[in-house]
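These notes concern the structure reproduced below.
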Amino acid sequence: MIPAKENEPAHQGVRTEGSTDALPLAPSMSASLDAARMPRRSTLVDKRVLRITAVSVVLGALAAVIAKVLTALIGLVTNLAFYGRWSTAFSSPADAVPHLGWWVVAIPAVGGVIVGVMARWGSRAIRGHGIPEAMEQVLLNESKIPPRITFLKPISSAIAIGTGGPFGAEGPIIATGGALGSFIGQVVKVTGSERKVLLAAGAAAGMAAVFSAPIAAVVLAVELLLFELRPRSLIPVALACVAATGVRYALQGSTPVFQMPVLAAPGGMALFLYVIIGAIIGVVSVWTTRIVYGIEDLFEKLPIHWMWWPALGGLVVGLVGYFAPLTLGVGYTNIENIINGKLTLATLAFLCVMKFLSWSIALGSGTSGGTLAPLFTIGGALGALIGLGIVAVAPQFGVDPRIAALVGMAAIFAGASRALLTAVVFAFETTGQPAGLLPLLGGCTAAYLISALMMRNTIMTEKIVRRGVRVPSEYVADYLDQVGVGEACTRDVVTLRTTQALAEVRRWLAEGAPETQHQGYPVLDDDGRVQGVLTRRTLLDPQWHYTLTLGELMTRPLIAVNESHSLREAADHMVAESVGRLVVLSKDQPHTLVGIITRGDLLSAHARRLREARKSSRHLRFRDGLKPRPVA
């Protein structure tokens, strides 16, 4: 091979920048088929997954311990703030209101001041309920949460909730578990994808430890944090939740968090009405989300520093708490009383309205706390109210107000967050009521449908979408992974021979015939065996002497796929090798050329998918019985 050295500087860029396509292409390929580079076959799991799983199991156990510590810390702050005693026993602030009088208004405000100070001089990331912030780190920052959040978030949340904040402990624990997983993922050598798995494992383990709901916690991780469903992510998260729940069983027992008597299975009419209840709650969930963010927008307009907003929210919490003591604190007892039918109609209505008022203003102020328990309280109370109304008007329909409350509790979360499966499984796991599964599925799906129709973003995503973050809303199988290379490649390929002289090929290219306009040409030997690919740019590069044969131009390994590979593997191989086209070899005769696959072929495969979707949409409207009516 004799390069024309006098032209070396002028054409250096030609050889390094590659083809005229978007991805660069090597100027020459290998003459040895045995050295051909083929894409690696993807495997479901490998040894690295086992290591991540082992770390996740330990992380799950740690998250359960942290959940216990945070619960004790909330109890300690509550006892100090409302009762003046040193105790970590979980106490309700409501019992202290008659003795404190108007002083109850000041306690949440003081807690808000402390949280505001911690947010300003500690980390602003402690504000909010944790899940949106974790989602943002997953999507934008390779799941890297600042390590200080691991201790700032639980402390600030314990202060906010312990001083009467109307939040649940689950949100801060989920955020803390996620921060711990992210921290471990930054200490050890892992990829961004593996760090995301550790973050999700820690967050899910925290939820599993609080509610003894490991399956719901896994589904929550899939629906709100992982944005995927793969064995290499599902296995570590699932086993982390198992470990966390096991530790919870050892520390607190295995009884459901919200205990209920055994419920009877609903009849057909009752089931229908539970679905209607779910749809009504779905509308409420949409307006709940809009009002919460509307209040947050109003706080943004205040002429004072955001550090003082939690204090203002705390004043409202204290004022509401003075008139409605049950709104103070986590309110898990309220949820249990609601779904067991222990509250009167007037109490349910008052609690529903006042809890929403207290929680929405406190959350909008930017303090630290969760959303799950308040939503469960509001939705459960509203569902119970509707159920009691149906019983009063039409008792023959067989509606049970307790199941209606259970449906309301889950449906408002399904509508607000659009975590449908999480809501259904969570309500089942925390109550252990098999008779509630079908009403839950119907009611939550109805709420999910209404929410999807009325609202683009959710209570979990609205905040980060406003910051410009694109949040995946649908998880579908990769279309490229479902199509084989053999189905999409171009089989009518113009080929060259290794024995051809470069001068001959250049004269042929100069003729300008249609077959000379391709960007790359497979090169075969005399036996018809593929030896590599030469690009049009390489063939016309004046640094190569015209007396060279094509076989002498090829110095790098052949980059190829066989027809049984998927388009996803082909696309990944193109990116890894920085090429725009791949030789396609026969599955049964690996030396035989089948065709060429290019980036254009990948786009054509997607075009077929889009055409099929458009065709199917033409048959969704009907007239004259079953006769299809085309859509204009």
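The values are calculated or read from the model by the stated rules, or taken from the named source; none is laboratory data. Bear in mind the structure is a predicted one, so any value in this text is a computation, not a measurement. Here the Cβ is made from the backbone with ideal geometry for all residues, glycine too, and neighbour counts use every protein chain on show. Surface areas here come from the heavy atoms of the whole protein model, side chains and all, with no ligands, DNA or RNA. Shrake-Rupley method; radii C 1.70, N 1.55, O 1.52, S 1.80 Å.
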Check: If amide H atoms are built 1.01 Å from N in the plane of the peptide, which residues on other chains or at least 5 residues away come under 5 Å of the amide H of residue 566?
Finding: 485
Checklist line | Within region 353-463: Cβ-based charge dipole about Cα centre, in debye rounded to nearest 20 (Lys, Arg +1; Asp, Glu -1) | finding: 200
Next item on the list: Under 1.5 on a/c is rounded, so check that first for region 440-481, then, if it is not, pick prolate when a/b is larger than b/c and oblate when it is not; a ≥ b ≥ c are the square roots of the alpha carbon gyration tensor eigenvalues.
Entry: oblate
Item checked: Surface accessible to a 1.4 Å probe, residue 417 within the full protein complex, Å² -> 0
Item checked: Listed residues 465, 519, 39: farthest to the positive end of the dipole of the chain (Cβ charges) -> 465
Next item on the list: Return the sequence-ordered ³J(HN,Hα) values of region 382-396 in whole Hz as given by the Karplus equation 6.51 cos²θ - 1.76 cosθ + 1.60 applied to θ = phi - 60°, using x for Gly and Pro.
Entry: 5, x, 5, 4, 5, x, 5, x, 5, 4, 5, 8, 9, x, 5
Checklist line | ³J(HN,Hα), Karplus 6.51/-1.76/1.60, whole Hz, each residue of region 180-186, x for Gly, Pro | finding: 5, x, 5, 4, 4, x, 8
Next item on the list: Rank these by accessible area, largest first, 1.4 Å probe: 301, 587.
Entry: 301, 587
Next item on the list: Would you mind telling me the share, in percent, of accessible area of the chain contributed by carbon and sulfur at probe 1.4 angstrom?
Entry: 62
Next item on the list: Please give every one of the aspartates and glutamates within straight-line cross-link reach of residue 587, meaning a C-alpha to C-alpha distance under 17 Å, and leave out same-chain neighbours fewer than 8 residues apart.
Entry: 34, 487, 563, 569
Check: Got a sec? Charge dipole of the chain, +1 on Cβ for Lys and Arg, -1 for Asp and Glu; which of 166, 606, 122 is way out at the positive end?
Finding: 166
Checklist line | FRET efficiency estimate (nearest 0.05) - Cβ-Cβ, residue 437 to residue 591, R0 60 angstrom | finding: 0.55
Next item on the list: Let me have the 222 nm mean residue ellipticity of the chain computed from DSSP H runs of 4+ only, each contributing -39500 (n - 2.57), with the sum over all residues rounded to the nearest 500.
Entry: -18000 deg cm²/dmol
Notebook entry, point to check: Residue by residue, what Karplus-based ³J(HN,Hα) values in Hz, rounded to whole numbers, does region 360-374 have, using 6.51, -1.76 and 1.60 with θ = phi - 60° and x for Gly and Pro?
Noted result: 5, 6, 5, 5, x, 6, x, 6, 9, x, x, 10, 5, 4, x
Item checked: Heavy-atom accessible area per residue - the chain, 1.4 Å, Å² -> 44
Checklist line | Amide H partners (placed H, <5 Å) of residue 524, local residues excluded | finding: 496, 497, 498, 531
Notebook entry, point to check: Along the charge dipole of the chain, which of 578, 93, 482 sits closest to the positive end, that is, farthest toward it, with unit charges on the beta carbon of Lys, Arg, Asp and Glu (+1, +1, -1, -1)?
Noted result: 93
Next item on the list: Leaving ligands, DNA and RNA out of it, work out the accessible area of residue 591 with a 1.4 Å probe and give it in Å² to the nearest 10.
Entry: 60
Notebook entry, point to check: Counting only residues 5 or more places away or on other chains, whose amide H sits under 5 Å from the amide H of residue 128 once H atoms are built in the peptide plane?
Noted result: 367, 368, 369
Checklist line | Restraint check, 68/153; 47/189; 68/342; 153/301; 301/463, Cα-Cα greater than 20 Å | finding: 68/342; 153/301
Margin query: Quick check on the chain: take the gyration tensor over C-alpha atoms, sort the square-rooted eigenvalues as a ≥ b ≥ c, and tell me if it's rounded (a/c under 1.5), prolate or oblate.
Written below: prolate
Next item on the list: Mark the label point 7 Å from the Cα of residue 342 along Cα→Cβ and return the residues of region 74-108 whose backbone N is within less than 16 Å of it.
Entry: 90-95
Notebook entry, point to check: Classify region 134-245: rounded, prolate or oblate, from the alpha-carbon gyration tensor (a ≥ b ≥ c, eigenvalue square roots; a/c under 1.5 rounded; otherwise prolate if a/b is larger than b/c)?
Noted result: oblate
Next item on the list: Quote the accessible area belonging to residue 269 in square angstrom, nearest 10, computed with a 1.4 Å probe and with ligands, DNA and RNA left uncounted.
Entry: 90
Next item on the list: Compute the relative contact order of region 450-529 as a whole-number percentage, counting only Cα pairs closer than 8 Å that sit 6 or more residues apart in sequence.
Entry: 29
